[in-house]
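Asker: Next up is a structure, given as structure tokens.
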Amino acid sequence: MHRDWLGSDESSETVRQKNRKTGRIGNRMKQGFGKKIIGSLMILAFFGAVMLVLTHTAQNSVRTTEILPGINPDPVYVTCEEGESLEVSLQAKEDFTISGFQVLLVNMGQDSRGTLRFVVTDPSSEIVFSQTIPVETVTPGKWFLIAGNAAFTAGQEYKLSVMADSSSPYFMQVPAGEGDKLPFVEQVYKEGKALEWGISLGVNRVEQVKVTYGEIFYYSIPTALLAAVILLLFLWAGKERVFKTIGRIPFGTFIKKYGNDLFLLLLFVSICISIYSRAYLKGVYISADSAGYLREAVNLAAGNGFSYDGLAGYDTWFANWPILYPALIAAVMFLTGAKAYLASKIVAMVTAGLILLVLRKCFGKHAWLYGLCLTNIGYLNLSYYTWSEIPFMLFLLCFALVLSQILTRERPAASWYMALGLSGICCFLTRYYGIFVWIVVGLYLLALIGLYWKKKEKLFLGKAVRLGVTAFVSGVLSMGYLLINKVMNGMASGVSRTMWWDDYQTLTNDLIESLLTEFFNIFSLQIPELIEGFPFQIKLFVVAGILIGIGWLVFCNWEAYQKAHGDFNVAKWAFTREMVLVSMAVAYDVIFIGIRYVSSMDSFYFRFFEPATFLLCIGLLGMILPYVKGKRGFHYFAGMVTVLLITSVWSVFYNGGMDRSDNYYQALEGQWEKAYEQIPEKSVVIFNDIDFRASFYRPDVVEGMITPEDEFADLLETYYGSDYLCIRAEFAKTMLESGEYKESVESKLREGLGKEMEFVVVPLSNL
């Protein structure tokens, strides 16, 4: 009992000690908790103070917006002759202030001298803007800011005089409708005569705005919030525990398993957002070719066939371009209900997705790296326009990859040859030039025959025979399409492509400039101003250096392959996937450059070279990749690019890139609707001055002309597919005043003028 009593007493003492210890711990916990509460309040108070500053409106804040008109895609100019004044009427639509004019000038070499003076006067002839600039400071072909402040009042007409001294610069023409976003209505006069075109003149508009300091210092608000959260975590959980917890997250495993596909998905989303925002919401990218593709797509979607003016009743088979690209746009129109222009953007988005899927299938976990080829400035610009090069690049890529599979597999299945033939036909049906792929196949056929001749192995002969049959069948089908064109249209490719006179020196300069541009576009860069200002000889040297570098890289790949294969021979090396891609790119460029020097088409620029550049980049990446795989810098680079992509996607949303309230295309479509509202269906418009980009919007309308020799009966015969002849009333008055036209035509015009409408509408009938 005593022992029990003693033991019980000792136990009580232990309990009292434990209670005292617990009390001390509790006090410390209470003190620690209190410190955390105080620390949290201090952090929140500091964060609140920072937010109060960042959300405060800055004083005297302004925003400068660059407003530029759209430029005629064709090289058409408005000259400013030395000693003559180019006069421009500027009718202010609203009150606005500028910090300078933006101009785009050409026809100025580096040895140009003299000055260019800009003077703006108000209705009372008082000067409100005056600047004189040395011509040699202007970079030809690029927008140039002529700084100076000026305020304009709504409804007032201002006069801009442009005077050249010891120089004759050219402005680019601005088609009707392309200057609508400018804050003034522009009318250009030369030698007292009003021009139908505007000039490449824009403004830097200055607006008083309420801007917070958070908007001035980008990302400051989310950065402050993130800092507050991190400090609170460190305070409550402890720095060591936070870092230990983060270390347990399997980032490496996640990135290794899902990073490739996540990157491709982000890249695809970025491209789609960029196309939709820039080419549909924020601008319109329609060249003369774009309008033609869209017009044919509308004809196909309406069930009028592939005809030049199908909705107008003309049954002329369209042969200028092959059918596949307009058919793809028409298919999207049918499936989605979208209008032609939006459908063309969807085609570009889907094509980008298919290219990424092909890269994923062929290159596996390294597909993200090859996907970077789609960030090329040239590729993105092609995507903004409605041009056939985008699906063409997809079919070229498929053709090259399938061909490499056939060449490297021991016994490729028949399906591979079918896929090769199908992709080759798709290349041709997208762009006539796509027929060059069979020239490349012909070269590989010779290599296979050479191997058979050397080694007497039937394997090589069998491949050669199957490739030959595939090329023959596809070639026959392609020639059959050209024969249909010849029968239906009178010309195999729709237009005469005979030789025209060329300034070969200028053409060569364009070639070197284009090749240099392609190199920098690969890295998503414009040509640096320093290099752009180099003389032609230096640019030629730079391009030669780049080509030598590419050749050296290919040579290194040759040596590496030789070391890795004891039975090395050149033909087998040429069969590799990388060399097939490079070979097709080189063949594309060499053949195209040769054709351009002996035939009629546009001069060299990125549109023509980008498909080859795309293939070349993929091939060269395949040659470089073995030397960088597994290196730490490689993974760092992957992470950096991923972060940049995420930031760019977020930036688009943050800056309102997807704001449908600012739909430039829909606004432009409204202008087209107004321009055509007095023109009935199935009309021919004489001396058409409506925005050329709208030609697809009303494909039932065709353009026409009347010569002084034409009788009205001649017009009935010429425009048999149309129901009405339309001509702007002011043009009709000018024709009557000239007295040069036949009475049968003039009588119809006088009859129409009596109705006092914007357009004279004359029924095309004998009644």
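The values are calculated or read from the model by the stated rules, or taken from the named source; none is laboratory data. All figures in this text were calculated on a predicted structure; none of them were measured in a lab. Note that each Cβ is placed from the backbone with ideal geometry, even for glycine, and that neighbours are counted across all protein chains shown.
Asker: Identify all residues within segment 36-51 that are of a type in the set (Phe, Trp, Tyr) and in contact with a helix residue (DSSP H, G or I) (Cβ under 7 Å, 6 or more places away or on another chain); write none if there are none.
Answerer: The answer is Phe47, and nothing else.
Asker: Step by step: first the residues of segment 704-740, then only those that are under 40 Å from the mean Cα position of the chain (by Cα) and of a type in the set (A, V, I, L, M), then the one that is surrounded by the fewest Cβ atoms within 10 Å (Cβ to Cβ). Which residue is that?
Answerer: Among those that are under 40 Å from the mean Cα position of the chain (by Cα) and of a type in the set (A, V, I, L, M), it is Met705.
Asker: Pairs please, first residue from segment 224-236 and over 22 Å from Gly34 (Cβ atoms), second anywhere and in a helix (DSSP H, G or I) and hydrophobic (A, V, I, L, M, F, W, C), Cβ atoms under 6 Å, 6+ apart in sequence or on different chains.
Answerer: Ala224/Val50
Asker: Confirm whether Leu645 is modelled with pLDDT under 90 and either closer than 25 Å to Leu443 by Cα or not in a loop (DSSP other than H, G, I, E, B) (or both).
Answerer: Yes; evaluated as a whole, the condition is true for this residue.
Asker: Select from segment 370-396 the residues that are of a type outside the set (Ser, Thr, Tyr) and outside any helix (DSSP H, G or I) and write down the one among them that is nearest to Cys617 (Cα to Cα).
Answerer: Asn376
Asker: Working only within segment 151-169, note down all residues that are buried (at least 20 other Cβ atoms within 10 Å of the Cβ) and modelled with pLDDT of 85 or more.
Answerer: Residues satisfying the conditions are Phe152, Leu160, Val162.
Asker: Oh, and also: Please tell me if Glu743 is surrounded by fewer than 20 Cβ atoms within 10 Å (Cβ to Cβ), modelled with pLDDT under 90 and of a type in the set (Asp, Glu).
Answerer: No, not satisfied.
Asker: Right, next: Across segment 82-99, what is the total count of residues that are loosely packed, with under 14 Cβ neighbours inside 10 Å and within 15 Å of Ser166 (Cα to Cα)?
Answerer: 2
Asker: Moving on to the next point. Those residues that are surrounded by fewer than 16 Cβ atoms within 10 Å (Cβ to Cβ), more than 26 Å from the chain's Cα centre (by Cα) and part of a loop (DSSP other than H, G, I, E, B), I need them from segment 120-147; list them, please.
Answerer: Pro123, Ser124, Ser125, Glu126
Asker: Find the residue count for segment 124-147, including only residues that are of a type in the set (Gly, Ala, Ser) and within 20 Å of Ser85 (Cα to Cα).
Answerer: Number of matching residues: 3.
Asker: Only residues in segment 150-165 that are more than 21 Å from Thr64 (Cα to Cα) count as the first member; pair them with residues that are of a type in the set (Phe, Trp, Tyr), Cβ under 7 angstrom, at least 6 apart or cross-chain, and list the lot.
Answerer: Short answer, once both residue conditions are applied: Tyr158/Phe152; Leu160/Phe118; Val162/Phe118.
Asker: Of the residues that sit in segment 173-227 and are of a type in the set (S, T, N, Q) and modelled with pLDDT of 80 or more, which one is farthest from Leu90 (Cα to Cα)?
Answerer: Checked segment 173-227; the qualifying residue farthest from Leu90 (Cα to Cα) is Thr223.
Asker: Go through segment 753-767 and give me each residue that's within 18 Å of Asp723 (Cα to Cα) and free of Cβ contacts under 8 Å to residues at least 24 places away in the same chain.
Answerer: Within segment 753-767, just Leu767 meets the criteria.
Asker: Under the condition of being more than 16 Å from Ile512 (Cα to Cα) and buried (at least 18 other Cβ atoms within 10 Å of the Cβ), which residue from segment 581-614 is farthest from the chain's Cα centre (by Cα)?
Answerer: Among residues in segment 581-614 that are more than 16 Å from Ile512 (Cα to Cα) and buried (at least 18 other Cβ atoms within 10 Å of the Cβ), the one farthest from the chain's Cα centre (by Cα) is Ser583.
Asker: Could I ask something else about it? Could you pull out the residue among Ser99, Ser112 that is in the same structural domain as Gly192 (by TED's automatic domain parsing) and at pLDDT below 70?
Answerer: Criteria check complete, one pass: Ser112.
Asker: Still on this structure, please answer the following. With the condition kept exactly as written, say whether any residue in segment 515-525 is loosely packed, with under 12 Cβ neighbours inside 10 Å, in the same structural domain as Leu401 (by TED's automatic domain parsing), farther than 26 Å from Leu403 by Cβ and touching a residue at least 12 places away in the same chain (Cβ under 8 Å).
Answerer: Taking every residue of segment 515-525 in turn, at least one turns out to be loosely packed, with under 12 Cβ neighbours inside 10 Å, in the same structural domain as Leu401 (by TED's automatic domain parsing), farther than 26 Å from Leu403 by Cβ and touching a residue at least 12 places away in the same chain (Cβ under 8 Å).
Asker: Within segment 570-593, is there a residue that is touching a Ser or Thr at 6+ places or on another chain (Cβ under 6 Å) and either within 30 Å of Thr137 (Cα to Cα) or β-branched (Val, Ile, Thr) (or both)?
Answerer: Yes, there is a match, as at least one residue in segment 570-593 is touching a Ser or Thr at 6+ places or on another chain (Cβ under 6 Å) and either within 30 Å of Thr137 (Cα to Cα) or β-branched (Val, Ile, Thr) (or both).
Asker: Criterion first (under 17 Å from Tyr444 (Cβ atoms), surrounded by fewer than 16 Cβ atoms within 10 Å (Cβ to Cβ) and assigned by TED's automatic domain parsing to the domain that holds Phe436) does Val570 satisfy it?
Answerer: yes
Asker: Of the residues Leu52, Leu41, Leu6, only one is surrounded by fewer than 12 Cβ atoms within 10 Å (Cβ to Cβ) and at pLDDT below 75; which?
Answerer: Result of the check over Leu52, Leu41, Leu6: Leu6.
Asker: Please tell me if Ile727 is closer than 24 Å to Gly198 by Cα, at pLDDT 90 or above, not in a helix (DSSP H, G or I) and not assigned by TED's automatic domain parsing to the domain that holds Gly179.
Answerer: Spelling it out, Ile727 is indeed closer than 24 Å to Gly198 by Cα, at pLDDT 90 or above, not in a helix (DSSP H, G or I) and not assigned by TED's automatic domain parsing to the domain that holds Gly179.
Asker: For Phe687, state whether it is in contact (Cβ under 8 Å) with a residue 24 or more places away in the chain, surrounded by fewer than 20 Cβ atoms within 10 Å (Cβ to Cβ) and on the phi > 0 side of the Ramachandran plot.
Answerer: yes
Asker: If you don't mind, there's one more thing I want to ask. Read through the list (1) assigned to a helix (DSSP H, G or I); (2) under 27 Å from Tyr605 (Cα atoms), then give the number of the only condition that Cys362 fails.
Answerer: Going through the list (1) assigned to a helix (DSSP H, G or I); (2) under 27 Å from Tyr605 (Cα atoms), Cys362 breaks only (2).
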